[in-house]
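First comes the structure, then the notes that go with it.
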Amino acid sequence: MKLYYSPGACSLAPHIALVEAQRPFDLERVDLATHRTAKGIDFHIINPKGYVPVLRLDGPESETLTEVAVILQYIADLVPGSHLAPPAGTFARYHLQSWLNFIATELHKQFGPLFAVATPPATQQVQRAKLGDRFLYLQNHLQDRAFLMGETFSVADAYLFVMMTWCERFHLDLALWPVLDAFYQRVRNRPAVQEAMSEEGLIEHRWRASKVG
């Protein structure tokens with residue numbers, strides 16, 4: 001398998017999941033400004049939508065998967081014993097899908113205008129306020145549990161963690177939501193998270209040797 005990623009982008013979530021699942025994989029970096037991969041390939045050939053993540057599967061067909069929520073569930077289902085997602089068809093699995101959808105639409109998409117330099121300051125402020133409301137909801141939910149699904153880390157937590165990493169860039173102080181800040185620190189301290197962040201050059205310490213293109 002190969003994961004196409006950009007450092008610190010939402011592709012960090014499946015990167016974390018792959019390490020958590022202890023699946024062998026390769027990495028190839030994508031420059032989202034030029035849409036070229038580290039090997040000089042036009043990334044639009046790999047994903048016409050032009051964004052990461054992309055997971056290229058093993059096998060003669062070299063099929064690919066896109067979209068964070070889909071890739072995360074695929075990785076979790078590869079290694080059921082990792083408990084990164086409840087079994088397909090269970091009600092708990094639908095709860096996980098609900099969280100993935102919430103993170104994708106109520107957090108990920110809300111950050112979008114903040115990344116666009118042309119977004120007017122007033123609009124940026126509206127987006128920050130929307131995110132603050134969502135963070136308050138998450139804080140209330142996490143008040144009596146370690147992770148979104150209870151006491152077991154799931155792929156939804158990996159996705160939420162990546163959203164939290166974007167807060168500093170846009171001056172959203174997680175100290176305003178101390179329960180959410182504690183969640184962020186708890187996930188960040190997981191060995192798999194440290195390893196994935198190291199492989200993307202986001203922290204200095206390297207937990208294992210990797211093939212990073």
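The values are calculated or read from the model by the stated rules, or taken from the named source; none is laboratory data. Just so it is clear, the model here is predicted, and its values are computed rather than measured. So basically every Cβ, Gly included, is an ideal-geometry build from the backbone, and we count neighbours across all protein chains shown. Please note that ligands, DNA and RNA were not included when accessible areas were found on the heavy atoms of the full protein model with its side chains. Shrake-Rupley method; radii C 1.70, N 1.55, O 1.52, S 1.80 Å.
Selection of segment 31-46 for residues being open to solvent by 70 Å² or more (accessible area, probe 1.4 Å) and closer than 14 Å to K2 by Cα yields only K39. Between residues in segment 128-149 that are more than 18 Å from T105 (Cα to Cα) and part of a helix (DSSP H, G or I) and residues that are open to solvent by 20 Å² or more (accessible area, probe 1.4 Å) and of a type outside the set (K, R), which pairs lie under 6 Å by C-beta distance while being six or more apart or on different chains? Pairs found: L142/V179; Q143/V179.
Of the residues making up segment 47-66, just one is surrounded by fewer than 14 Cβ atoms within 10 Å (Cβ to Cβ) and either within 14 Å of the chain's Cα centre (by Cα) or of a type in the set (S, T, N, Q) (or both), namely S62.
Looking only at segment 150-189, residues that are open to solvent by 30 Å² or more (accessible area, probe 1.4 Å) and in a helix (DSSP H, G or I) come to 13 in all. Filtered by the rule that a residue be more than 13 Å from the chain's Cα centre (by Cα) and of a type outside the set (A, V, I, L, M), segment 67-86 gives Y74, D77, P80, G81, S82, H83, P86. Within the set E20, E28, the sole residue that is modelled with pLDDT of 95 or more, part of a helix (DSSP H, G or I) and surrounded by 11 or more Cβ atoms within 10 Å (Cβ to Cβ) turns out to be E20. When you check A129 against the structure, is it out of contact with any Asp or Glu (no Cβ under 9 Å at 6 or more places or on another chain), open to solvent by less than 20 Å² (accessible area, probe 1.4 Å) and either closer than 22 Å to E20 by Cα or aliphatic (A, V, I, L, M) (or both), yes or no? Judged against the criteria, A129 is not a match.
Could you pull out the residue among A122, A85 that is over 30 Å from T152 (Cβ atoms), of a type in the set (G, A, S) and either without any contact (Cβ under 8 Å) to a residue 12 or more places away in the chain or not in a helix (DSSP H, G or I) (or both)?
Values: A85 fails: over 30 Å from T152 (Cβ atoms).
So the residue among A122, A85 that is over 30 Å from T152 (Cβ atoms), of a type in the set (G, A, S) and either without any contact (Cβ under 8 Å) to a residue 12 or more places away in the chain or not in a helix (DSSP H, G or I) (or both) is A122.
When A69, A92 are screened for being touching a Leu at 6+ places or on another chain (Cβ under 6 Å) and either at pLDDT below 95 or open to solvent by less than 50 Å² (accessible area, probe 1.4 Å) (or both), only A69 passes.
The set of residues in segment 30-75 that are charged (D, E, K, R) and touching a Ser or Thr at 6+ places or on another chain (Cβ under 7 Å) comprises K49, R56.
Output the residue which, of all residues in segment 103-119 that are β-branched (V, I, T) and open to solvent by 40 Å² or more (accessible area, probe 1.4 Å), is farthest from D157 (Cα to Cα).
Selected residue: V117.
Scan segment 31-76 for residues that are farther than 19 Å from N101 by Cα and assigned to a helix (DSSP H, G or I) and jot them down. Within segment 31-76, F43, H44, I45, I46 qualify.
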